[in-house]
Every structure is written in structure tokens, then in C-alpha cells.
């Protein structure tokens, strides 16, 4: 690590981050975060590319009429909007309920430890 | 109706004086807001990140303002009006891409960085080479995007103001550039953000009114609207394939574009930088949520507007009008509400260009002054105020380059530049961002290989593609040196960017400091040590 890097990270040297990283609390936070966002990211990308391939190579199927002039292609396209809105809402409620409390707790502990060590947390 | 429209469209539509007056009112109002917002621009955090004082909803609206460029508004409406369903495919890619930003990037970036993408990428890697690489890709993406916007400004004036000659268009480009320099110079990030917010509100409101109007004409029945569009443009507009279904190559081209759109957004530097204008990761999350809803609703409006323009005006009239595809939305406004609605929509389109250009410029200037000047040349030891001074000088330089570039590309077909900017962002920026946030072993060499490899391959492939030479619509006519068949390099350059990052890392013998890796891990997820709001 070059020295100049430290300049932009004032106040970061007092905390033993490896210890925090190994703590059960933090590992739980990381597990929850990745356990939620990774599968969801894979799922929405698969659904998006499935749609792209259908639009690209299955013109017949996409132009199947469903109701009036509304066809399968339009419904699947609007379906992408619906899933995007739904995933957004789902993630926010998950993060508010399951991630933020743990993250707040860890951050609170670190800040308290800082204060106890007389190390002004100058960046907050 | 369509005869008068065609006659009007052959020169300009509506009343140029009215168009200019409405745009002038926008400029006056935003300038007052910018001046008021700039009163306490003192520190770097004020200038680059608006003192981190914006709320999630405000920042989300500004993100929508940044993202819904003239290409989105005029381009997508026109694409749907001409090519029907295939135009709709753009908006889906542009929207779904936000999930990458929401789930994987926004909050973690906000927690780890201060002002730029390079702050995050260089957190645990070698500072100087990574900052230089990240600043390079940032400047390249911003430059392509800027050029596309400036070219769009020239095209728009011929339609809206009745200025057809080259000198007149060049003057308009210079005025747009000069206004942008004033906004960014005086207002910094705070002023720029307010311009984005005002513009996003106007744009979405304008599109909403026109959408309701078009739906009302068709009895609020989507099927009826589609039927009307099909009656004018043929049944084919309702199904995919009109634009990209022609040959096997165009089909591959579409996959390439889809890849660049969905993965590019979360690597766009001017979007990433917006996450630093809020005080916490939670506000960054709220920003993205607001952005997704606003952008999603807007794209639903463009679906109605595009088919509405196809039905009410027709493909031939749109293509014959000055501005071509881009004239669909303004012509629709004229058909619905006459010169007044046209004036409003034109002013909004201009405001859009102005605001997006301002957002790009402050991003590029920040990257240069914070990463290259302060981080690399001065090694993090700058005199107080020097960094912001350099940023301001850079703003002027970029503004002048944008004006010269914008005048230079008048009349050339540079529509591919926006898609190219997305492809570069997806190939050079996103792999390094994801790797450095989620892959502990990721090394400096991996980052450099990925950024330079992704950037280089995207640019080389586009230089030897049909958009530059060897096709009817190519930028350079009369010669043919193309060997890459696709119009978008993403299909090759994006996997290459990811692969090079992986190969560079596993062949790298140098291990990065585990203590810093742990620090990044903890800070990115908890927000500990992240800079909060500087003041109220």
C-alpha cells in the first residue's frame, strides 16, 4: 500500500478490521447480503436474457395475439417492468428489515470503541 | 392534418420565437436556482458531492434527470414510432440495468468511496496506476456521451428553431456549451443536481401529459392505440424484428446491445458519482429506488408516445422531417397541442441536453482533478482549495472541447456513441467494480488488465465496425476498412473485460494487503467511516 493512500482514509488505522470481519455478527451480515443479492441478480439477468433471446429469435411466438392487439411480446416486455419494480420493492424491504439493523449495530460498536479510545471519528 | 404537418415539417415546426422564449425561461429559472445553491460551495465535498446533503428522493430524481437524456426521450420515442416493438427493447434494457446498480453497486460504492469511481477501485489496490486507469475510462465514457449529446443539440435546432445552416447550428452548440460551463462552474455538484431535478420533473410531467392525451384519443385502451399504430405502420410494428430481425448479424448485434445496456448503466461514471451526493448508504438505496420508479414510468410513457406518434403522424412524415427519427416526439406534441405544446416539449428537450451535458462535465472534471491531479500528480498532498480550482479549470477545458467536438460532428452520424459509451462502461468499469467489491483476491494487475483491455477492445472493435466505415450510414463514407461485423462491441469486449480481470488476478504473484481488504469489506457493508453530510 502506498503512503498517499492513507491520507484519504483518515481515522481508519485504529480499528482492527480483520477482527471485525471475523466476528459472528459481521459474517452473518455478509452472508445475508450475498445470500440475497447474488441469487436475485442471477435470476433477473437470466429472465432478461431469456426475454432478449425470445425477442430476437422467436418472432412467431412473440407475435401470438393474447387479447385484442396485445400480444405475448408486449406482455413479456411489460413483465420485465413488473419484475424490476417487484425486485426493487422486495430488496428494499429485505434490506430495511434484515441488513440495516445488523449494519447499524456493528457501526455503533465501532464508533463506540473509537470514542473510548479517544479517537475522534472525524469523518462522520 | 398530415398535409399541413408535412408542409410545416419541411422547414421547421411551430414558432421558433416561442420555442426560444420557453427555453430562455428555463435557463433563467435554473440559473437563479444554481446561483442560490452555490452560495456555500467551499470545500471539495461541496463542489464534487454537494456537501452530501441531498435526500434519497431528490438524488433519485436527479439520477433520472441524468439518465433520461435526449437519446432516451427523443431517440426511444422515435425508435418505437419507426420500428415499433424493437424500439421498446431499448427501454427495457435501460430499465432492468438499474437492478445491477441497486443490488450490487450503489450502497457498497457509497460506503467505500468519497467522490469518484477510482476511490473505490483503488481502495485496496495500488493507488496510482489504478487511479490513472479509472480516470482514463471515466474520461473516455464521458467524452463519447458528451459528443453524442452535443451532436443531438445541433440536430434538434434545425427542427425546433428553423436553423438549417451550419453556422447557425454551430452557434447554438456553442451557446449550449457556454451555458453548461456557467452552470457547472458556479453551481458545482449542488447546482448541477438542482438543474437535473428541475429538468427531470419537467420531462416526466411533459411526457405524462402527452401520454394521457394520446390514451384519451384512443379511449384509454392500449389495444386500440396499438391497433391504430398497426393501421398506419403495418402489423409488423407490434412484434419484434423490424430493426434487428433482418439478418443473423443484426440479431447478434441486438444481443450485443442488450448486454451493453444491461451491464453498462452500473458502470457509468456520471451515474456512480451521484451516489456520493447523499449522506448515507440508506439514502443511496432510496435514490436508486426513486430512480427506478421514475425511469420505469417514463419508459412506459415513451411506449405510448412512440406508438402514438406512429399512429397519428406516420413513419414517412417523421423520417422526412428535419431531425429524422428524433422528430417523432416534437411532431407528436405539435399534432396534439399545437405550437404551445411543441414549444414546451422542445424547451424540455433542450433542457435535457443541457442538464445531461452538465452532469457529464462535472463528473469528468472531478475525475481529473481528484484522481489525476490530487491523487497521482500531487500524491494526495494538495494545498487547500487547489483541487477545486483545478476542477474548475477542467470544467472550462472540457466545455471548450465539447463545443469544438459538437461542432465537428454536426451532420455526421454519431448515434452509435451512446451505445458505445454503455459498452465501454460495461467492459472497462463494471468488471473492476464488481471484482473489487466482491472478490477478495482481485489484484492490481487484474484491475489494470480489465480496464485497459475492456476499453481498448471496445474502441478498436468499434473503429473497425460498420458504424465507422463500410455501410450506408457509416460515419466515414467512401472507404471501407471494417472487419468487425457488429455495430456494438459489447458481445466481445464485455466478456473480455471480465476474463482479463480474472486472468490478471490469478497470474499476479503480488498479494494485496489483507488488512486493507478487511477494512474495505467491513466499511462497504456497514458504512463505518463513510463521510456524512458536511452541513445542513
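Every number here is computed from the coordinates shown, using simple stated rules; none is lab data. Keep in mind that this is a model prediction, so the values were computed, not measured. Glycine also receives a Cβ, built like all others from the backbone with ideal geometry; neighbour counts cover every protein chain displayed.
How would you rank B:387, B:531, going from fewest to most other Cβ atoms within 10 Å of each one's own Cβ? Present the calculation step by step, with values, prior to reporting the outcome.
Values: B:387 22, B:531 18.
Lowest count first: B:531, B:387.
Determine the relative contact order of segment B:52-129: mean sequence separation of Cα pairs under 8 Å and six or more apart, normalised by residue count, in whole percent. If you can, show how the numbers build up before the last one.
Working: 23 pairs, mean separation 9.3, N = 78.
Dividing the mean separation by the residue count of segment B:52-129 yields 12 percent.
Across the residues of A:81-90, average count of Cβ atoms on other protein chains within 10 Å? Spell out each step's value before the answer.
On the way: counts 10, 1, 2, 11, 6, 0, 6, 12, 3, 0.
Mean partner-chain Cβ count within 10 Å for A:81-90: 5.
Expressed as a rounded percentage, what relative contact order does segment B:305-424 have, with Cα pairs under 8 Å and six or more residues apart?
Values: 59 pairs, mean separation 18.4, N = 120.
RCO, segment B:305-424: 15 percent.
Starting from the eigenvalues of the Cα gyration tensor, five times each then square-rooted, give me the equivalent ellipsoid semi-axes of segment B:23-182, largest first, whole Å. Spell out each step's value before the answer.
On the way: eigenvalues 190, 108, 61 Å².
For segment B:23-182, the semi-axes come out at 31, 23, 17 Å.
Among A:110-117, B:306-313, how do they line up by average Cβ neighbours within 10 Å per residue, starting with the highest? List each step's numbers first, then the result.
On the way: A:110-117: 13.6, B:306-313: 28.1.
Output ranking for A:110-117, B:306-313: B:306-313, A:110-117.
To the nearest whole number, what is the average tally of beta carbon atoms from other chains within 10 Å of the beta carbons of peptide A:44-57?
Values: counts 5, 5, 0, 1, 10, 5, 0, 5, 12, 4, 1, 13, 13, 7.
Average per residue, whole number: 6.
Partner chain Cβ atoms within 10 Å, averaged over the residues of A:58-69 - can you pull that number for me?
On the way: counts 2, 7, 2, 1, 5, 7, 1, 2, 1, 2, 6, 14.
What the average comes to for A:58-69 is 4.
Which value, in Å to one decimal place, does the Kirkwood hydrodynamic radius take for segment B:2-526 when every pair of different Cα atoms is included?
Details: mean 1/r = 0.0432 Å⁻¹.
With all distinct Cα pairs of segment B:2-526 included, I get 23.1 Å.
Over chain B, what is the relative contact order in whole percent, taking alpha-carbon pairs under 8 Å and six or more residues apart?
Details: 1012 pairs, mean separation 159.5, N = 536.
With pairs under 8 Å counted, the relative contact order is 30 percent.
Please state the Cα pair-distance histogram of segment A:24-110 with 10 angstrom bins from zero: what percent is in each bin?
Once binned at 10 Å, the Cα pair distances of segment A:24-110 give 15, 33, 22, 16, 10, 4, 0.
Which of B:251, A:14, B:190 has the fewest other C-beta atoms within 10 Å, and how do the rest follow up to the most? If you can, show how the numbers build up before the last one.
On the way: B:251 17, A:14 12, B:190 24.
By the 10 Å Cβ count, ascending, the order reads A:14, B:251, B:190.
Assign one of three labels to segment B:24-72, namely rounded, prolate or oblate, based on the Cα gyration tensor with a ≥ b ≥ c the square roots of its eigenvalues; rounded applies when a/c is under 1.5, prolate when it is not and a/b is larger than b/c, and oblate otherwise.
Values: a/c = 2.22, a/b = 1.20, b/c = 1.85.
Oblate.
Can you bin segment B:288-373 into rounded, prolate or oblate? Criterion: square roots of the alpha carbon gyration tensor eigenvalues sorted a ≥ b ≥ c, rounded for a/c under 1.5, prolate for a/b above b/c, oblate for the rest. Kindly include the intermediate steps, with their values, before the conclusion.
Working: a/c = 2.69, a/b = 1.97, b/c = 1.37.
Prolate shape, in that a/c is at least 1.5 and a/b is the bigger ratio.
Neighbour counts of other C-beta atoms within 10 Å: give me B:290, A:90, B:449, A:47 arranged from fewest to most. Can you show the working numbers first?
Working: B:290 21, A:90 13, B:449 25, A:47 17.
Final ranking by Cβ density, sparse to dense: A:90, A:47, B:290, B:449.
Could you estimate the translational diffusion coefficient of the protein assembly as shown from the Stokes-Einstein equation, with Rh from the Kirkwood formula over C-alpha pairs, at 20 °C and 1.002 mPa s, in whole µm²/s? Display every interim value, and only then the final one.
On the way: Rh = 25.2 Å.
The calculation lands on 85 µm²/s.
Need the C-alpha centroid separation for segment B:212-238 versus segment B:325-386, integer Å.
33
Please work out whether segment B:379-530 counts as rounded, prolate or oblate from its C-alpha gyration tensor, where a ≥ b ≥ c are the square roots of the eigenvalues and a/c under 1.5 means rounded, while otherwise a/b larger than b/c means prolate and anything else oblate? Working shown, then result.
Details: a/c = 2.97, a/b = 1.42, b/c = 2.08.
It comes out oblate by the Cα gyration axes.
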